[in-house]
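**Student:** The structure that follows is given in the form of structure tokens.
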Amino acid sequence: MSRRWWGWVLVLVVALAGAPASAASPDAGRSDAGLADAGRSDAGVRNRPVDDPYRPIGARPYLDVLRYRLHLKWDPRTRDFSGRAVIDLRVTRPRSSVVLDLASWLVVDSARVAGRRVAVTRPRDRVRVPMGPLDRGAHRRIVLRYHGPLRSDTLAIDGPDPLTLGVVTDRAGNVGTGSQPWGSYTWFPVNDRPYDKARYDVTITARGGLVGVSNGRLVERRSWGGTTRTRFRPGAPLSSYAAQFAVGDYTSQTLRGPHGLPIVVWSRPGAQPEKRYLRRAPSLLRWVERRLGRYPFGQAGVVLTPLVTGMEHQSAISMGEGGWPSREVFLATLVHEFVHEWAGNRTTPTTWPDLFLSEGIATYLEGVWKARRGITPMRASVRQWRAADTWVRDRYGTTGFCGPWKGRRICGLSGPYTTGALLMHALHRRYGADFDAALRAWPRTHPGGVDRAAFVDYVSRRLGPEAGELVEARLALGS
Ligand SMILES: [Zn+2]
């Protein structure tokens, strides 16, 4: 997500007690799948559940969703929304029930487990599904039908505005999504945690002349009487925060990226300047490829939406339509979101305290691009990052990750951006081309989930133990 969305010095304080504050989350789902197969690989489908110290509604360290098959229906005139979710999962501990996230205002009409009808209960923003006795490693299919209003949730923050979570709509019935750090539970039942990457297959039936868009390849499209049904299948597993759900009067156009990569642009009628700006998308992707290796998926995409500023929905990035102060700001943000396809979507933070691994790399390379383009010198970007970082540290005594603070749990949301970017910059200054080469190989060698320990281990092996110490020192609480 871009800083424009999160804000420069957005600091989230989650006042919770009881749960562990450290991110003890060894690498989940890492595999050695070759990059050539990345688009079709299973890297990330089977994940080791971990407790996320930042997720405020309870631990779920037993659940691994393998696939979501979603059928969503939206009528912009009546505002009727309904869904059917077919969820294939496994449990990594013996269980008699499974809990998924689902907004309280969505009504569950029916639930089936392995074909048998069951009665669910609804703790706040969750759905508890009785499963019968499940042994460790057991697989089950849950089918849930639900309906209700499409609306966002909010998260209280220590800043000027609460953070909007999940699905957003406008009066015309356009739909957009911004679910970082979470929020997909506002449109489907989900294990809404970044470690749990899964396969998706999303069918959207939109009335009123609108067209639904989701992640990955469009595999089916049918229209009748003002209704359009589209079906999307991403080529690789994704985390729920990167799941796309956009509806509008969209048409698509395919640009050719590096080595023939299709870049599918979804836009609405009208001569928005952003459509022209997107002609630069192929060269921007080539620029990122030189820094991070070959694009990790079989298709790239951008959805121009009036509802979301910039968000790294996997292979279907959301970019705001309108409101950009300049072409340069739009393109710099697009570079940031493109970087997330490698750092965020291919290589994914296992828990939110590991977010500096995606936002730090994206912010750093955005800064490098702006310096190379002559837009902002690197020293000016570094000054900005340092000022924001200092503000957060002075105020909260912590920065790039979540930790205990005066008896509460705190997560400095600007910290992952600024501390992470300063960290990458420091590594580059110290190790030069060796760091650049290590950064380039990081996404290829680390598909699936990664955490702080994995990064420290990686840079220590590539650059020497002092590099790992540098990372730890930069991230140290109160440093
Ligand atoms: Zn970002």
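Just so it is clear, none of the values below were taken in a lab; they were calculated from the coordinates. Given the structure is predicted, the values throughout are model-derived calculations rather than measurements. Glycine gets a Cβ as well: all are built from the backbone with ideal geometry, and neighbour counts include every protein chain shown.
**Student:** Which of Ser97, Ser2, Ser326 has the fewest other C-beta atoms within 10 Å, and how do the rest follow up to the most?
**Tutor:** Listed from fewest to most nearby Cβ atoms, that is Ser326, Ser97, Ser2.
**Student:** What ³J(HN,Hα) values, in whole Hz, does the Karplus curve 6.51 cos²θ - 1.76 cosθ + 1.60 give for segment 63-79 when θ = phi - 60°, with x put for Gly and Pro?
**Tutor:** Going residue by residue, I get 10, 10, 7, 9, 7, 10, 10, 10, 10, 10, 10, 9, 10, x, 7, 8, 6 Hz, with x marking Gly and Pro.
**Student:** Sticking with this structure for a sec: Restricting to Cα pairs below 8 Å that are 6+ residues apart, what does the relative contact order work out to for segment 239-337? Please round to a whole percent.
**Tutor:** Over segment 239-337, the number comes to 27 percent.
**Student:** For Met131, list long-range residues whose amide hydrogen, built 1.01 Å from N in the peptide plane, is under 5 Å from its own amide hydrogen.
**Tutor:** Distant-sequence amide H within range of Met131: Ser97, Val98.
**Student:** Estimate the FRET efficiency between Thr254 and Ala437 by the formula 1/(1 + (r/R0)^6), using the beta-carbon distance for r and 25 Å for R0, to the nearest 0.05.
**Tutor:** Calculated value: 0.15.
**Student:** Fewest Cβ neighbours within 10 Å first, please rank Phe232, Phe435 accordingly.
**Tutor:** Going from least to most buried by this count: Phe435, Phe232.
**Student:** Another question about this same structure. Compute the orientation-averaged projected area for segment 117-219 from the convex hull of its Cα atoms and round it to one decimal in nm².
**Tutor:** Details: hull surface 39.2 nm².
Convex hull of Cα atoms, orientation-averaged projection: 9.8 nm².
**Student:** Please list the non-local residues whose amide H lies under 5 Å from the amide H of Arg126, H modeled 1.01 Å from N, same-chain partners needing a gap of 5 or more.
**Tutor:** Leu102
**Student:** Quick one: compute the contact order of segment 307-363, relative version, from alpha carbon pairs under 8 angstrom and 6+ residues apart, as a percent.
**Tutor:** On the way: 55 pairs, mean separation 16.9, N = 57.
It comes to 30 percent, rounded to a whole number.
**Student:** Something else about it: What list of ³J(HN,Hα) values in whole Hz, one per residue of segment 383-392 in order, does the Karplus curve 6.51 cos²θ - 1.76 cosθ + 1.60 (θ = phi - 60°) give from phi, with Gly and Pro shown as x?
**Tutor:** So the Karplus estimates, Gly and Pro as x, are 4, 4, 4, 5, 5, 5, 5, 5, 4, 5 Hz.
**Student:** A further question follows. Non-local amide H neighbours of Gly148 (under 5 Å, H modeled in plane, Pro and chain starts lacking H): which ones?
**Tutor:** Phe81, Val107
**Student:** Based on other C-beta atoms within 10 Å, arrange Ser240, Ser96 from fewest to most.
**Tutor:** In increasing order of surrounding Cβ atoms, one gets Ser96, Ser240.
**Student:** Could you work out how far apart the two model spin labels at Thr121 and Trp105 are, taking each label as a point 7 Å from the Cα in the direction of the beta carbon, and quote it in nm?
**Tutor:** 2.5 nm
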